[in-house]
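Everything on this sheet refers to the single structure shown next.
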Amino acid sequence: MSTTAPRSASVKTVKVAAGTTAADALGEAGVELNGPAGAVVVRQLGSGALRDLAWSPDEDAEVEPVAASSPDGLAVLRHSAAHVMAQAVQDLFPGTLLGIGPPIENGFYYDFAPAEPFTPDDLVAIEKKMGEIIKAGQRFSRRPVSDADARIELDAERFKLELIDLKSQATGEEATEVGAGGLTMYDNLDARSGELVWTDLCRGPHLPTTRRIPAFKLMRTAAAYWRGNEKNPQLQRIYGTAWASRDDLKAYLTQLEEAAKRDHRKLGAELDLFSFPDELGSGLPVFHPKGGILRRALEDYVRQRHLDEGFDFVSTPHITKDGLFHTSGHLPYYADTMFPPMELENAEYRLKAMNCPMHNLIYRSRGRSYRELPLRLFELGNVYRYEKSGVVHGLTRVRGLTMDDSHSYCTPEQAPAEIKHLLNFCLGLFRDFGLDDFYLELSTRDDSKPDKFIGTDEQWTVATQILQDVATESGLDLVPDPGGAAYYGPKISVQAKDAIGRTWQMSTIQYDFNQPARFELEYQAADGSRQQPVMIHSAKFGSIERFIGVLIEHYAGALPAWLSPVQVTGIPVTDEQVPYLRDVAARLRIQGIRMEVDDSDDRMQKKIRTAQKQKVPFMLIAGEADASSNAVSFRYRDGEQRNGIPVDQAVDEIAGFVARRVNESPTSAHFS
RNA sequence: GCCGACGUGGCGCAAUUGGCAGCGCAACGCACUUGUAAUGCGUAGGUUAGGGGUUCGAGUCCCCUCGUCGGCUCCA
């Protein structure tokens, strides 16, 4: 970030008396108000609230300038850009109604209700208009209003009126007075004449002038439901990005381009891993031989880890009579996202969308003793979910998927330790793959929607507390997700980001006190009584497909050597060396290493290029001199190279490197 | 599911806005036998996603279906 804004080192805290404006305080702090960048607003110490220049404290206070390039400064910048966009839109498309226009990560949006959806050409025109507004240097001016006055002023803006209603409902009263608890309008005033140019209902704060938006770009249009509710009308949303300098904007756009190159959908085709044949239908991937190798490596790995952790392996069918899902309670909740029933000989069958009911039947197949708990049933289970057409996405949201699914049946007393064990297991798996950019989410019941959840208040409270404690103990970032629980219990999930910043749920650990009751699961306790176990659902990768997608993006296609479909490419300088390299390949194959010899008609330079583009970790290049001295040239994926390496040594080094499951691209540093 | 954009050989793209479907890569064949990111020449490959309509004539315009992309909503 390359602005001249004050950094924390140079931020100066200023004491101000009651009634002093923020603008005066900034001046006192030595901040140039009309400069192109720099401090844009102030933060009141103690309250932490951001304040704009029209603000003045009721009592003596301490304030400090907020740098334009700081997170708070960028939020103000972006929100101000949203205002400028709204002004441009209403200027170009009179009668367009306004929704809301907040700052978001990397940018901003504003929701509109235009007569016609915006076209890409409209976006260009809006961007141009915004440029004019910014250049004009309009001043943002704060104006407190009473609710009643705001309603009159915003008579035509039905969405804004709804916001005022919501606010007064929330506070329980109408603000009849101007001031505390009331509303504020932000007026855009002409730089010279001070005349009102445009106005919007808004809490602020804003930049001093539009001129202080040095770099912005409109990104895309999209529809969004008003107030995020599917039942509400859709508004047209325009997304933009804004930065404290042109360089920052340019860097951000470059970063987006780079991220797009990592997209697993693109790399999946380029590396010949998988495809989505139209003939199969949306969200149904097929894995090609190379993708099959990657998939099998991951499955083998996750199986072995479950063996190590004491899971019992089970296997259940893909299809069942649908009574099972009535027993489990899934059907009323998930009927619309399950494939429809197939009717045969007076019975209705369904593809399974989850494995738990079948595992419950295995549990129930005989009497259970407290001595065998926790009983951990594991399966790589294929499930089918009719995901809505608009949500299907590469490998990360599919309609047929493989879950590394397990259910731990335990006594209520064992549950906390079991959950902790499972969470550590999940995190350990991710770290094994070099993944560490994730956070936890705690999904709980929405008390206002009791029909979406079953079980007693006490059950929910206890279960939620257990999950909360385990999650907190992990030390990872924990984001609350109220209302996100399954109908049968709360959950912890591990969230990872894809190349372009979208988050995907990976692991999930769910506490379930409902299904054991519905399936009448029991165990005999030490005192001879019959007790109900608790079941803990858990998927570690989540789905194999999604994990593959995230892994590809994480490595930008350059998979760790132990996962690479082709681990070594043999490149002969001339055809003469093909048999020689085939012998090397045979030796590596004995060690479990996958080596291909490129015997095409291409020049060796072309073969290197091909192997490089396929992101093969190792190349063994051999010419006549190598063949006669039983050596190879040893080239790494990063382009580094060691010549004249004896074949014995090369074989040992590669086999050793792969066996160690190093999660980085091999370089000479790994072999010194 | 909703809103919008889009769909041309396996992949990436073109087709003067309604007038002969083309290029590069990949594939295949031939020649070359080469020392660290593209050797040359040639061959084959298309009912322009599928269906219907308008028109003398449709890749291009209209309708439907399927699929993809960007969001929203949803995600056991």
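Identify all residues within the stretch A:216-248 that are buried (at least 18 other Cβ atoms within 10 Å of the Cβ) and either more than 26 Å from the chain's Cα centre (by Cα) or away from RNA strand B (no atom under 16 Å from the Cβ) (or both); write none if there are none.
Within the stretch A:216-248, A:Phe216, A:Ala242, A:Trp243, A:Ala244, A:Ser245, A:Asp248 qualify.
Out of all the residues in the stretch A:42-80, which are among the small types (Gly, Ala, Ser) and crowded, with 24+ Cβ neighbours inside 10 Å?
Residues of the stretch A:42-80 that are among the small types (Gly, Ala, Ser), as a first pass: A:46-49, A:54, A:56, A:61, A:67-70, A:73, A:75, A:80.
Listed by number, the residues that qualify are A:Ala67, A:Ala68, A:Gly73, A:Ser80.
What tally of residues in the stretch A:363-419 results from selecting those that are assigned to a loop (DSSP other than H, G, I, E, B) and within 31 Å of the chain's Cα centre (by Cα)? Please lay out each step first, then the result.
Keep residues of the stretch A:363-419 that are assigned to a loop (DSSP other than H, G, I, E, B), which gives A:365-368, A:373-374, A:385-388, A:392, A:394-396, A:398-399, A:411-414.
Okay, now just the ones that are also within 31 Å of the chain's Cα centre (by Cα), so A:385-388, A:392, A:394-396, A:398-399.
Within the stretch A:363-419, residues that are assigned to a loop (DSSP other than H, G, I, E, B) and within 31 Å of the chain's Cα centre (by Cα) number 10.
I'd like to check something: does the stretch A:442-461 contain any residue that is touching a strand residue (DSSP E or B) at 6+ places or on another chain (Cβ under 9 Å), assigned to a strand (DSSP E or B) and among the hydroxyl-bearing types (Ser, Thr, Tyr)?
yes
Kindly evaluate A:Ala260 against the criterion of being in contact (Cβ under 8 Å) with a residue 60 or more places away in the chain, under 21 Å from A:Asn106 (Cβ atoms) and either of a type in the set (Gly, Ala, Ser) or not in a helix (DSSP H, G or I) (or both). Lay out the reasoning, then the answer.
On the way: in contact (Cβ under 8 Å) with a residue 60 or more places away in the chain: yes; under 21 Å from A:Asn106 (Cβ atoms): yes; either of a type in the set (Gly, Ala, Ser) or not in a helix (DSSP H, G or I) (or both): yes.
Yes: the conditions hold for A:Ala260.
Of the numbered conditions (1) of a type in the set (A, V, I, L, M, F, W, C); (2) surrounded by fewer than 16 Cβ atoms within 10 Å (Cβ to Cβ); (3) within 24 Å of A:Pro144 (Cβ to Cβ), A:Ile104 fails exactly one; give the number of that condition.
Evaluating A:Ile104 over (1) of a type in the set (A, V, I, L, M, F, W, C); (2) surrounded by fewer than 16 Cβ atoms within 10 Å (Cβ to Cβ); (3) within 24 Å of A:Pro144 (Cβ to Cβ) leaves (3) as the failure.
When the stretch A:511-534 is examined, which residues are found to be touching a Leu at 6+ places or on another chain (Cβ under 9 Å) and in a strand (DSSP E or B)?
First, the residues of the stretch A:511-534 that are touching a Leu at 6+ places or on another chain (Cβ under 9 Å): A:511, A:515, A:519, A:523, A:532-533.
Within the stretch A:511-534, A:Tyr511, A:Tyr523 qualify.
Within the stretch A:121-137, does at least one residue satisfy the condition of being surrounded by fewer than 20 Cβ atoms within 10 Å (Cβ to Cβ) and under 17 Å from A:Leu196 (Cβ atoms)? Lay out the reasoning, then the answer.
Our first condition is that a residue be surrounded by fewer than 20 Cβ atoms within 10 Å (Cβ to Cβ); within the stretch A:121-137, this holds for A:121-125, A:127-129, A:131-132, A:135-137.
From what is left, the residues that are under 17 Å from A:Leu196 (Cβ atoms) are A:136-137.
There is at least one residue in the stretch A:121-137 that is surrounded by fewer than 20 Cβ atoms within 10 Å (Cβ to Cβ) and under 17 Å from A:Leu196 (Cβ atoms).
Let me confirm something: among A:Ala622, A:Ala561, which residue is touching a Gly at 6+ places or on another chain (Cβ under 9 Å) and at negative phi? First the steps, then the outcome.
Details: A:Ala561 fails: touching a Gly at 6+ places or on another chain (Cβ under 9 Å).
It is A:Ala622.
I'm trying to understand the selection: among the residues of the stretch A:316-342, which are surrounded by fewer than 16 Cβ atoms within 10 Å (Cβ to Cβ) and in contact with a Gly (Cβ under 9 Å, 6 or more places away or on another chain)?
Across the stretch A:316-342, the qualifying residue is only A:His318.
Looking for whichever is at pLDDT below 95 and surrounded by 13 or more Cβ atoms within 10 Å (Cβ to Cβ) here; the options are A:Ser633, A:Ser672, A:Ser600, A:Ser665. Which one fits?
Details: A:Ser633 fails: at pLDDT below 95; A:Ser672 fails: surrounded by 13 or more Cβ atoms within 10 Å (Cβ to Cβ); A:Ser600 fails: surrounded by 13 or more Cβ atoms within 10 Å (Cβ to Cβ).
On inspection, the qualifying residue turns out to be A:Ser665.
For the stretch A:340-362, state whether one or more residues are acidic (Asp, Glu) and in contact (Cβ under 8 Å) with a residue 40 or more places away in the chain. Don't jump to the end; show me each part of the working.
Pass one, the stretch A:340-362, residues acidic (Asp, Glu): A:343, A:345, A:348.
Next, only the ones that are in contact (Cβ under 8 Å) with a residue 40 or more places away in the chain stay: none.
So far as the stretch A:340-362 goes, no, none of its residues is acidic (Asp, Glu) and in contact (Cβ under 8 Å) with a residue 40 or more places away in the chain.
Looking at (1) in contact with a strand residue (DSSP E or B) (Cβ under 8 Å, 6 or more places away or on another chain); (2) within 16 Å of RNA strand B (Cβ to nearest atom); (3) charged (D, E, K, R), which is the one condition that is false for A:Arg203?
(2)
For a quick check of your reading: which helices (runs of 4 or more DSSP H) sit entirely within the stretch A:545-636 and have at least 3 residues that are small (Gly, Ala, Ser) and either more than 30 Å from A:Asp405 (Cβ to Cβ) or within 8 Å of RNA strand B (Cβ to nearest atom) (or both)?
Per the criteria, A:624-628.
Within the stretch A:249-271, can you find the residues that are within 9 Å of RNA strand B (Cβ to nearest atom) and either of a type in the set (A, V, I, L, M) or under 25 Å from A:Ile593 (Cα atoms) (or both)? Even if it seems obvious, please write down each step before you answer.
First, the residues of the stretch A:249-271 that are within 9 Å of RNA strand B (Cβ to nearest atom): A:260, A:263, A:265-266, A:269-270.
Result: A:Ala260, A:Ala269, A:Glu270.
The values are calculated or read from the model by the stated rules, or taken from the named source; none is laboratory data. Just so we're clear, the structure is a prediction, and the values are computed from it rather than from any experiment. No Cβ is skipped: glycine too gets one built from the backbone with ideal geometry, and neighbour counts run over all protein chains shown.
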